[in-house]
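The structure under discussion appears below in the form of structure tokens.
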Amino acid sequence: MKRVLTIGGWSVFTLGVLTLLFFINAGYDKLETTKPDISIEKPGGHNFVTEEKVLLLMNDLGYTFDKQTLGDIELKRIEEEVGTIPGVKSVQAYKFNNGKVKLDIVQQLPIARIFLHGGKMGCYMDSEGEIIPLSNDYVAKVPVFTGYIYEPYNDIPSLKTITENDSISRLHVLDEIYYLATAISANELMAAQIVQIYVNEKEEFELIPRVGNHRILLGGIDDLDNKFERLNTFYTSSSFDVKELNLYDTLNLKYKDQIVCSKRGY
């Protein structure tokens with residue numbers, strides 16, 4: 001009997017709490033909203049996403065925040081739609097009991113821009129190997145990869161998709177592009193000096209520097225740390241004169257433990 005009374009008491013208590021929450025939520029949903037707070041985390045200082053762009057998108061969805069209530073705001077829908085903006089990594093939307101709506105947005109960090117062979121539309125690749133669609137109003141200043149890069153138009157896979165299947169990996173060069181772009185971004189001198197990377201017919205990489213009228217023949221991504229170390233040593237040598245860079249046609253890193261420099265013919 002005592003147990004029955006205990007269970008009955010808890011049932012009444014639970015029902016009371018649920019009823020109270022119902023009335024609280026009913027009043028909560030009727031609160032008028034104000035202009036939302038939008039926080040955008042921008043690694044690397046890139047500007048794919050702006051507050052104006054987010055507000056315009058929400059306005060197109062019907063969220064003007066003018067004489068609207070919290071009950072009118074669908075957080076999941078906002079998260080899904082804002083997540084389609086090029087460069088958005090994640091979106092979290094919240095409602096507060098003062099009528100405020102808040103969005104916390106994190107951008108992706110681009111490390112490479114990729115142009116497909118034949119001038120087809122390309123994409124960016126971020127620091128986690130994910131694809132960022134090109135933006136209509138923002139161009140990220142990152143190393144540009146061009147040349148013999150064959151990828152399915154409008155269906156460019158992520159690094160994870162490629163690396164999970166060896167047979168797929170052999171069809172793509174994106175995994176090597178990611179590895180090279182990551183190494184460039186992590187090396188202060190290379191990040192400042194390398195502006196373009198050309199993928200030749202053999203799927204070898206040729207680096208185009210910011211300073212100097214020459215090409216750097218990298219070859220494959222094998223022994224990459226050693227290749228960059230040699231190039232760093234060459235550029236920072238006490239006997240190095242930056243004016244001499246224009247005398248060279250190529251710097252070849254393909255040979256083990258050396259740099260073979262070819263001077264320009266005049």
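Computed values, structure above
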read-out	value
Sequence ranges 101-110, 31-40, ranked by mean other-Cβ count within 10 angstrom, highest first	101-110, 31-40
Volume per residue that the Cα convex hull of the stretch 37-87 spans, once the total is divided by residue count, Å³	82 Å³
Order of exposure, largest accessible area first, which applies to HIS172, HIS214, HIS117 with probe 1.4 Å	HIS117, HIS172, HIS214
Percentage relative contact order, the stretch 24-149, counting C-alpha pairs under 8 Å, at least six apart	27 percent
Reachable aspartates and glutamates, given that their alpha-carbon falls under 13 Å from the alpha-carbon of LYS160 and they are not under 8 places away in the same chain	ASP126, GLU128, GLU130, ASP175, GLU176
FRET efficiency, 1/(1 + (r/R0)^6) with R0 22 Å, evaluated for ARG264 and ALA191 via beta carbons	0.25
Near-label residues of the stretch 34-52 by backbone N, under 17 Å of a point 7 Å along Cα→Cβ of LYS102	34-42
Long-range HN-HN contacts of LYS89 with modeled amide H, under 5 Å	VAL106, GLN107, GLN108
Reach of LYS67 by Cα under 15 Å, taken over aspartates and glutamates that are not fewer than 8 positions away in the same chain	ASP29, GLU32
Distant-in-sequence amide H partners of ILE111 (H built 1.01 Å from N, under 5 Å)	MET125, ASP126, SER127
Cβ-placed point charges (K, R +1; D, E -1), dipole of the stretch 102-147 about Cα centre in debye, nearest 20	180 debye
Nearby lysines by direct alpha-carbon distance to LYS254 (threshold 20 angstrom, same-chain neighbours under 8 apart not counted)	LYS202, LYS227, LYS263
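The values are calculated or read from the model by the stated rules, or taken from the named source; none is laboratory data. It should be emphasised that the depicted structure is a prediction, and the values quoted were computed from it without experimental measurement. Backbone-built Cβ (ideal geometry, glycine too); neighbour counts: all protein chains shown. Areas reflect the complete protein model, heavy atoms only, side chains present, ligands, DNA and RNA absent. Shrake-Rupley method; radii C 1.70, N 1.55, O 1.52, S 1.80 Å.
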